[in-house]
Every structure is written in C-alpha cells, then in structure tokens.
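Q: One structure coming up, written as structure tokens, with questions to follow.
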Amino acid sequence: MKMWPARTLKPLLWKIKGAYCLSTVSLNPPPTSTLAYRCNASCAGKRKSWTKPTGFDTGLTTYNSLTKQKEPLILAQEGIATWYSCGPTVYDHAHLGHACSYVRFDILQRILSKVFGITVIHAMVITDIDDKIIRRSLEENISPTVLARIYEEDFKNDMLALKFFPFLFEVIPPAVYLRVTENVPQIVAYIEQIIQNGHAYSTKQGDVYFDIQSIRERYGKLTGSGDATTEPGESEKRDARDFALWKSSKPQEPFWTSPWGNGRPGWHIECSTVASSVFGNQLDIHSGGIDLAFPHHENEIAQCEAYHQCDQWGNYFLHSGHLHLKGSTEKMSKSLKNYITIKDFLQFYSANEFRMFCLLTKYRSAIDYSDASMIEARSSLATIDTFTHDAQAYMRGHLQCQAVQEGSLFERLEETKASVRKALADDFDTPRAIGAIMNLVYHGNRHLQPITKPDGSPRSPAVFGAMLSYIREAFEVLGVDLLDRKESQIEDSSGTLQNVVEQLARFRSEVRAFALAPVESAPGEPVPARPKPRPDRLPLLQACDVLRKDLAPLGVLIKDRGTNSTWEISQTRSADQDK
C-alpha cells in the first residue's frame, strides 16, 4: 500500500464560500479579514452548541455526537464528503477492537459512496511517535522510528487481510495516510498560530499548553468540560484541564527543534494539524472509537476552532461502540490484556464472517464478541449460501418445485430494495437492512421446496436470477463477498500446488530408492544385515535430504520411512511464512 507524505498533497481542496478551489496548503492563516471571508456562517455571531450546516442535503440522517441525536447529513459540497479519522498508534499489533472500528466505518463509507453516490475523501493520521512508542522502543532496544514502521506495516497488512478479493472487499484505505513525524514543521507552525491567537502559552521548561480559560464555555462540546488530566511535572499549567501541545524533550527521547526548545508534539495537536492541512477550516465528518471522544476529540475541536478562529470546525462527529469480550464490561484493550489480534482471529474465522458480525449491530452500539456471536454471523452467511445454491439449481432445471408466485416475489424484491435503502439512510442502520435481505431470502426459500415429481407447473427462473443479483450486489456494497472469489482461487491454487508437490515427491522417492539400492554381494558371500548404498550414489541421497530440508520452511513436510516417503502441506507452517 503506497504511503503518500503530506508534502505531496498539493494542490489540495480548500472551501471558499461553499465551493472548492485548488490551493497549496499553508498553515499560516490569512489576515483576519480573509479568514472571516473563508469561515462558514457558523463562525459569526453568537456561539451555539451546534449549527446546522448549509450546503448539500444528502437525504440521510446520522447520529451526531455533538448534539447527541440524529441530524440531517448536510455536506458543504454536493456529492463530496470530507472525512478525517484517527489512525492507530503503531507500537504493537492491531487487535480485534481496532478491526471492529475500522470495518464499521469502512461500511459507512461504502454506503455513502456506493448507495448514495457520494465521493468520500478520507484522510487518516498514523501516530508514529508518542510515549507508548518510546517506552516500547526502549524495551526492544530499537529506535522509535524502526518500531513504528514495523507496526505501521503490520497494521496495513491486517487491514488488507480483512478482505476476500483484492481492492474490492478489503477495508478501503484512506485517500492518504499521514505520519506525525513527517508533519512536525506544520505542527510547530500550527501551535505558533494558536499562541498568536491567544489560546496557548509556553512555559519556562519549554512546554506549550492550550489555555482552556481562553475559550471558557466553548470547551466541552462533546462531553462537557471534563476532568483534569494533570500529569507529573505539569505544575506550570494555569488550569488543571490545560493540555500539552508541545512537550519538552527528556533524556533518551527523540526530539525536534522549535521556538520553545527541543521537544515533540502532544497527542491531540497532531490530528488537528493534519486534518487542517488536508481539509482546511471546515470538516464534514470526523470519526473514531467512542473512547476517543474525551479527551482526544474534545481537544481537537478546541485546537481547530482556536486556530481557525471559527465556532464550528467539524460538523459531524461519528463514534463507534466498544468491542467487548462476552461477559466483560471492559472494552478490548492492549492495556487490559484482554484482546485478540487480527492475525489470531483469522486463524478461526474469515473476514467475510467478521464483516457480517459487524453488520448485525449498529455501528455506534457496543458489541459483544464470542464464539456464539460469530456462529450467528456464520449461520447467516450459510443461509444465504443455501438459498443461492438452491436458486441456481432451480434456474438450471435441476430442482423441481411447485408453481412459483413470480409476481409476489418480484413485488417483495422491490419492497426489499426500498427497505434496505431507507434503513441505510437512517443512521446507516445495517441490522435493519440485513434483516430485510434475510426476510427476502426466507420468502425465496419458501418457494424452493422440492417435489418428487414434476406437476407441469410453469417455471419462473428469472425472478430468482433477479433476487440473486440484488443480494450479491447489496452485500458487495457492504464489503461481503458472496461469490467466495478468494476461496475459490485458494482452492484452485491449492489443488495445483498439491499436484506439483505430488510429482516432486514421487520423483524424489524414485531417485532416493535408486540411491539406496545396496551393493550386490558376490555369489557365495553372506548378505549383510544392513546393506550399504553404493558409494557413487551417496551424492544423490544427500541431494534428496537437502531438498527435504529446504521444502520444510515452505510448508512441505516430507517424512522418509525406510525406502518409502510420505508428504503433507502444513497449513500452519504456510501461514507463518506469510506473516
């Protein structure tokens, strides 16, 4: 997956009076008069908790964490949604809780683009420097940069693994990934402007803090003012709620130069800077896990509105619910050591099954992970697969049924299409949409009850073809592959591999048997208890042994039993080699 650094994002989209123009990104804002010209209508007048945006009404509603209720989804530009999401902090393997959040928002973006024709411009930041990364790098005795790159690539591979067919059913990558370490100069400039606007201050120790008192009641749009998050050594803060924009360097930590001394960015400022560098002073949609609402997203809002001097920077904040292990009230978390890695999960269940698992609950609801919930998802896919098999058999004339009520099924198909679209337009209600499709499958199955003898009833294959086409298309939109294209490819390649290994093993056995042929005893000489192979054939025997050893790491295990040999392809060994 290609990484596009921030410096290549030129020109980028900037909104001016509800329209887009091409402009080179600059983190030095224009004069106040120009800024007032560029800000949307919500930037002027008395502040409100949320101002309904002006622009293109999509006809959808979505739950907005800023208002704690469903709101009409209105975009600044017709047919375009700007979307920013917080990416991973790359210090360890991604787990199933991460996968759940990313898959859920992938589903939402697919719905917007493939159902409602909206182009989603999605940017994500990779946090490749922070306390956890530094701590882990010291433990592993490698540089923070190397550690971050290892787990960044691991994360991207995990996202690719949550798919069934290349570029079609994977978690669709953002238009751009941006690393924090490649945007430090922009972050420094961003902090300088916040200080100039009167919303941050530096300390003698070289730290910079956001000044909560400078925005007063405007802080806390998502969750309220929140509790103090004072850390050791933060005695210079004016308010316990003030948070770090820049942290002075400590021994054994990487650092960058700044007007306040050597140091590194705070956690929250990285997202504000990157989102502003890509989308300017107004963002349509911001997403992330519900655990990020406070303090991370709360502080992002404060920083962006202080920088842009605007009263409403992000119009919609969407949060996904936590993933819990069944019976636990705690979210799946590395710190709690109650997580399952994506790689481990995919040893037992497929990406198809996990996506169905996510579709069966609302994206913003907490979700319990258990074998029972995964079996439910697997069962739903099996039901659809059975219907597909029977419908195709009926269409081929291999399944005899009573007369099909064709008109009734066509009518139900149209009702299903309308119900699914209505559900998806209502805060992306995938459980209701899946329920409507499963209801269509149920009624289709009722018409496919086999009979022993043909009764002369007219056949109606076309309606089942229409139903199958719609069901496949609907699930393809949601990222579920009902055609099992990857599995069929794996089966085909696996069959070819086995044939190749079979021929190779047979050839090796013949060579080995020839090499092991003993030296013939002269007439009258006793036959030795353990005949020795001919000395001139020992190189052949050694070559056979080398081949056996070389194939083992590739997952082909050959076991020699006397002059005979057996072989097998080790799935576990092959999977390990792919990691």
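The values are calculated or read from the model by the stated rules, or taken from the named source; none is laboratory data. Note that this is a predicted model, so its numbers are computed, not measured. Positions of Cβ are backbone-derived with ideal geometry, glycine not excepted, and every protein chain shown enters the neighbour counts. These accessible areas exclude ligands, DNA and RNA; they are computed on the full protein's heavy atoms, side chains included. Shrake-Rupley method; radii C 1.70, N 1.55, O 1.52, S 1.80 Å.
Q: Top to bottom by accessible area (1.4 Å), largest first, where do R432, R149 land? If you can, show how the numbers build up before the last one.
A: Numbers: R432 100, R149 75 Å².
Of R432, R149, the descending order of accessible area is R432, R149.
Q: Once phi is turned into θ = phi - 60°, what whole-Hz ³J(HN,Hα) does the Karplus curve with 6.51, -1.76 and 1.60 give for every residue of region 343-358, x standing for Gly and Pro?
A: Residue by residue, region 343-358 yields 4, 5, 4, 6, 6, 10, 10, 8, 5, 4, 5, 5, 5, 5, 4, 6 Hz.
Q: Related question: Given C-alpha coordinates of region 351-510, what is the ratio Rg to Rh with the Kirkwood estimate of Rh? All intermediate terms of the calculation are to be shown ahead of the outcome.
A: On the way: Rg = 19.9 Å, Rh = 18.1 Å.
Rounded to two decimals, Rg/Rh equals 1.10.
Q: Cα centroids of region 238-257 and region 362-376: how far apart, whole angstrom?
A: Each part's Cα centre sits 39 Å from the other's.
Q: Compute, for region 233-272, the length of the dipole vector about the Cα centre, with Cβ point charges of +1 (Lys, Arg) and -1 (Asp, Glu) only. Units Debye, rounded to 20.
A: Working: 6 positive and 6 negative charges, 7 e Å.
Once rounded to the nearest 20, the dipole reads 40 debye.
Q: Kirkwood Rh, Cα Rg: Rg to Rh for region 177-284? Numbers along the way, then the final one.
A: Details: Rg = 13.9 Å, Rh = 14.6 Å.
So for region 177-284, dividing Rg by the Kirkwood Rh gives 0.95.
Q: When the accessible area of region 412-463 is computed with all protein chains present and a 1.4 Å probe, what percentage of it is carbon and sulfur? It would help to have the intermediate numbers written out before the result.
A: Numbers: 1450 of 2700 Å².
Result for region 412-463: 53 percent of the exposed heavy-atom area is carbon or sulfur.
Q: Next question. With the cut-off at 26 Å, tell me which of the pairs K221/K362; K132/K247; K156/K247 have Cα atoms farther apart than that.
A: Details: K221/K362 24 Å; K132/K247 14 Å; K156/K247 29 Å.
Over 26 Å apart, Cα to Cα: K156/K247.
Q: To the nearest 10 square angstrom, how much accessible area does D390 have with a 1.4 angstrom probe?
A: Estimated to the nearest 10 Å², D390 gives 50 Å².
Q: Using a 1.4 angstrom probe, figure out how much accessible area region 304-445 has per residue, in square angstrom, rounded to the nearest whole. Mind showing how you got there, number by number?
A: On the way: 6160 Å² over 142 residues.
Accessible area per residue, region 304-445: 43 Å².
Q: Between the alpha-carbon centers of region 109-168 and region 535-556, tell me the distance in whole angstrom.
A: 42 Å
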